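Worksheet: the structure to be examined is printed underneath.
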Ligand code: SF4
Ligand code: SF4
């Protein structure tokens, strides 16, 4: 009885904190500009199933793709077991579902155990890749400090959770064999049966306490993990789905034509503007801070897994420039969090004299991009770091006029003679006659 | 060589050419790119395609301005180009520059410019498959040809096969680079980079890409973009290589074989 009350309290508390965090994320994303109507819903659902659910892009690198798939599938399936754990916790019973499922229950438990073992193996391999082989994209500067620790914490939590799950079953078996209390003979334990020797010297009571401890730590660990997500790159396990859904379906080369600019251009060229632009609010061109980005870009900032596939294919990054598309996403998230905390504290945003451009992202990063789309192509979950770079360029050029001199010269040439170089437009046809 | 007409001349004489050849700024002004322009018009002549150019009415598509962040200038260029284009009749636009190709194809429609737009490698591949062009001297047999995918043709528009189809007519196989197609490494020119010094780093992007090409042990690197051609030929001058490596546009290669 007491245990049920404790369980329900912990459970409700964790879920509430999680709900508060979700609301914060939603509110922070809503600070961005609205995205235009979402069309082609069917195509988007297909894409989400393929890329987010089916993880198709992860298989560009087959070995990690496979390991990641194991962890992901196991994560989804072991949640079925979580259902029983919750029922047990609330009712104070043990293995509540077993009597209803019969031999299928044994199959499920055996299946989960094998998954747990595979997860432990995969996670150890992940840990080795990060910490011993030290794959390039995991040891870059933009991952130093918290991001690196975060990645390892996730791996440790996963190993601990899987170990607790197996340990629970190992001790359970001993108690079943001893006919201890209500430990009835349910389940089949292909993996944990090899762990029972650990406890062979202990008294039944001691084993019972270990079993209970494992059970509690396991569920508390899961609830902790749920609330850890908000502070971690692991948010992608939820946000990858909406992010892929909202990602661009058109050809990657197409950049949006800014509507706010169009009216003015039409006025200048004496073409009738669609509507009178005098009453429309003058908005900032391009992006200086997170408020100027759109909601999809902000969602992506929370979704980014910090895997660094983008940066490892970025021509600027691999030739040693400061630009890293991964860090563009991470800095956007950091700034958005700072703005969110500011709002939490002051009820509304109080100007802090900071901005994404300048305090987080440097001009030098922005100007190194070749707009090659390699980052967009390589992202396994549909993030477009280039769009943020471009929006910041727009701000720098159209609001600040702070482009590098050579870029200004190029633009002046286009204005004056219709080519990025200083040539007389009449010479455009010289190639026809000369060799 | 046939006389190259402007679209104005043809339309005035009541002729609607099949192709409006969008030459592009590089193709008009840059020495290396002009050779590509010449080769391509040679091929059009050999295939008896009726075509014309805009001549002095052509102007920058606005791509470098847009990608540098100057949307005003881009839209000014785009809208006045669209006004020019809409005043003539032709059936499709073909261009040898993937940046012009991408901009006219993807960004002009919303601004009122709706055309069928092809990259010259797409059109050449069509001319070959429809028999309008026949390779007489597949001279390149024995030479290893590789292809460097331009970002704005490949990743941006998923045109991977047409340039390869042309190469396959010239050589028994394509000596693919390790990073090709979706994974093709940029030459370093795009996004208005070619107009400025690069930010400090440990290497220039074109050198990195040229090293990858040299590693492939090819004799010829084929390209499909005037800017890639510039960047890689500059790279070749600066990267040590055991054997001679030359860079040609797909149109130049094909022109040599017909
Ligand atoms: S688009 Fe820019 S940021 Fe993305 S990979 Fe290319 S150079 Fe890097
Ligand atoms: S943007 Fe995509 S590819 Fe880049 S680090 Fe984030 S998840 Fe990985």
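The values are calculated or read from the model by the stated rules, or taken from the named source; none is laboratory data. Predicted model only: the values in this text are computed from it and were never measured. Backbone-built Cβ (ideal geometry, glycine too); neighbour counts: all protein chains shown.
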**The one condition in (1) more than 14 Å from every other protein chain (Cβ to nearest Cβ); (2) within 16 Å of ligand 1 (Cβ to nearest atom) that residue A:309 fails to fulfil** = (1)
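If a residue has to be assigned to a helix (DSSP H, G or I), at the interface with chain B (Cβ under 9 Å from one of its Cβ atoms) and either touching a helix residue (DSSP H, G or I) at 6+ places or on another chain (Cβ under 8 Å) or modelled with pLDDT of 95 or more (or both) to count, how many in the range A:409-435 make the cut?
Of the range A:409-435, the ones assigned to a helix (DSSP H, G or I) are A:409-417, A:425-433.
Now drop any that are not at the interface with chain B (Cβ under 9 Å from one of its Cβ atoms), which leaves A:409-411, A:413-415, A:417, A:425-432.
This time we only want the ones that are either touching a helix residue (DSSP H, G or I) at 6+ places or on another chain (Cβ under 8 Å) or modelled with pLDDT of 95 or more (or both), so: A:409-411, A:413-415, A:417, A:425-431.
So the answer is 14.
List the helices (runs of 4 or more DSSP H) inside the range B:154-258, counting only whole elements, that have at least 1 residues being without any contact (Cβ under 8 Å) to a residue 40 or more places away in the chain and more than 16 Å from the chain's Cα centre (by Cα). Full working, then the answer.
Details: elements: B:161-170, B:205-215, B:226-238, B:250-257.
In the range B:154-258, B:161-170, B:205-215, B:226-238 are the helices (runs of 4 or more DSSP H) which contain 1 or more residues that are without any contact (Cβ under 8 Å) to a residue 40 or more places away in the chain and more than 16 Å from the chain's Cα centre (by Cα).
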**Request:** Report the residue count in the range A:366-380 for those that are at the interface with chain B (Cβ under 7 Å from one of its Cβ atoms), more than 14 Å from ligand 2 (Cβ to nearest atom) and outside any loop (DSSP other than H, G, I, E, B).
**Result:** 1
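Might you let me know whether the range B:91-104 holds any residue that is at the interface with another protein chain (Cβ under 7 Å from one of its Cβ atoms) and surrounded by fewer than 23 Cβ atoms within 10 Å (Cβ to Cβ)? Before the answer, list the steps.
If we filter the range B:91-104 for residues that are at the interface with another protein chain (Cβ under 7 Å from one of its Cβ atoms), which is where we start, we get B:102.
Still in the running and surrounded by fewer than 23 Cβ atoms within 10 Å (Cβ to Cβ): none.
No, every residue in the range B:91-104 fails to be at the interface with another protein chain (Cβ under 7 Å from one of its Cβ atoms) and surrounded by fewer than 23 Cβ atoms within 10 Å (Cβ to Cβ).
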**Asked** Which residue pairs have Cβ atoms under 9 Å apart, sit 6 or more places apart or on different chains, and have a first residue in the range A:1-25 that is in contact (Cβ under 8 Å) with a residue 60 or more places away in the chain and a second that is not in a helix (DSSP H, G or I)?
**Response** A:1/A:92; A:3/A:92; A:4/A:92; A:7/A:92
**Request:** Show the residue pairs that are 6+ apart or on different chains and have beta-carbon atoms under 8 Å apart, the first residue being within the range A:248-259 and more than 7 Å from every other protein chain (Cβ to nearest Cβ), the second being part of a loop (DSSP other than H, G, I, E, B).
**Result:** A:248/A:382; A:248/A:384; A:249/A:40
**Request:** Would you mind stating whether residue A:318 is over 17 Å from the mean Cα position of the chain (by Cα) and either within 11 Å of ligand 1 (Cβ to nearest atom) or not assigned by TED's automatic domain parsing to the domain that holds residue A:66 (or both)?
**Result:** yes
**Message:** Contact list please: Cβ distance under 7 Å, first residue in the range A:365-377 and in the same structural domain as residue A:313 (by TED's automatic domain parsing) and under 23 Å from residue A:60 (Cα atoms), second residue outside any helix (DSSP H, G or I) and within 12 Å of ligand 2 (Cβ to nearest atom), pairs at least six apart or on different chains.
**Reply:** A:374/A:314; A:375/A:314; A:376/A:384
